[in-house]
């Protein structure tokens with residue numbers, strides 16, 4: 001069974017057939033009774049992923065991000081925030097592409113991504129909090145509530161993750177990113193507020209942020225489905241790092257959009 005989260009498709013998940021509990025594990029491809037060993041057959045070299053693996057790696061990844069975010073908040077002066085942010089963004093995109101397209105999710109790459117992403121989150125959060133005092137704490141609480149609610153929706157099967165649902169989520173995510181790129185281009189070429197999706201004075205900005213938060217929660221549903229599928233089908237242990245990577249991407253997406261939405265309702269200090 002293939003993961004329905006496109007971010008998790010590839011070698012790491014497809015190799016799960018070699019794990020305990022995977023379909024066909026221990027089968028006799030050439031016939032024979034108990035104890036028969038097929039020519040060239042070797043037992044799996046890695047144990048299957050468990051839910052504990054995902055929890056531990058997810059916690060390590062998120063803790064790394066929070067730690068570097070706190071360090072960036074405290075140590076990066078305002079005068080150096082812009083260049084540090086640009087460098088961190090470039091590094092973040094590079095590591096993200098390496099993990100996503102190179103299928104190289106492991107402790108080193110995922111924790112490095114979390115560390116660099118944490119710098120971005122810390123600088124952005126600090127700049128928001130300087131203008132809208134207290135909004136970061138509210139956004140953290142909002143993200144935790146969104147995570148809990150989405151997990152409950154998944155556990156109760158209120159929303160079922162199907163291939164059609166996964167395609168819808170991917171299309172919606174790409175559409176939102178496309179609109180953000182268009183908005184940035186229009187802004188760079190003279191439009192003060194772009195196309196209005198980030199203008200606090202436009203109702204379109206509120207609609208866009210709410211839609212972005214919902215899409216982030218939908219991506220969390222895909223993450224939960226990938227984790228459950230991986231555990232059930234015996235995905236190799238290293239797949240837990242892909243799961244941690246996906247969870248952090250979805251959570252930070254939700255956090256940043258909640259942060260922006262809350263800023264629309266907050267007065268400047």
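Scanning the range 90-111 for residues that are in a helix (DSSP H, G or I) and buried (at least 16 other Cβ atoms within 10 Å of the Cβ) yields a total of 9.
Quick check: anything in the range 198-207 in contact (Cβ under 8 Å) with a residue 12 or more places away in the chain, surrounded by fewer than 21 Cβ atoms within 10 Å (Cβ to Cβ), more than 15 Å from the chain's Cα centre (by Cα) and farther than 29 Å from residue 141 by Cβ? Step through it out loud before you land on a result.
Keep residues of the range 198-207 that are in contact (Cβ under 8 Å) with a residue 12 or more places away in the chain, which gives 198, 200, 205-206.
Next, only the ones that are surrounded by fewer than 21 Cβ atoms within 10 Å (Cβ to Cβ) stay: 198, 200, 205-206.
If we keep only those that are more than 15 Å from the chain's Cα centre (by Cα) as well, we get 198, 200, 205-206.
When the remaining residues are screened for being farther than 29 Å from residue 141 by Cβ, the result is none.
Checking the range 198-207: not a single residue is in contact (Cβ under 8 Å) with a residue 12 or more places away in the chain, surrounded by fewer than 21 Cβ atoms within 10 Å (Cβ to Cβ), more than 15 Å from the chain's Cα centre (by Cα) and farther than 29 Å from residue 141 by Cβ.
Within the range 130-139, if we keep just the residues that are touching a helix residue (DSSP H, G or I) at 6+ places or on another chain (Cβ under 7 Å) and part of a helix (DSSP H, G or I), the residue that is surrounded by the most Cβ atoms within 10 Å (Cβ to Cβ) turns out to be 139. Summed over the range 208-228, residues that are buried (at least 16 other Cβ atoms within 10 Å of the Cβ), over 16 Å from the mean Cα position of the chain (by Cα) and touching a residue at least 40 places away in the same chain (Cβ under 8 Å) total 1.
Is it true that residue 72 is in contact (Cβ under 8 Å) with a residue 40 or more places away in the chain, over 20 Å from the mean Cα position of the chain (by Cα), part of a helix (DSSP H, G or I) and crowded, with 18+ Cβ neighbours inside 10 Å? Yes: the conditions hold for residue 72.
None of the figures in this text is laboratory data; all of them are computed from the coordinates on show. Computed from a predicted model, the values in this text were never measured in an experiment. All Cβ positions, even for glycine, are placed from backbone atoms using ideal geometry, and neighbour counts span all protein chains on display.
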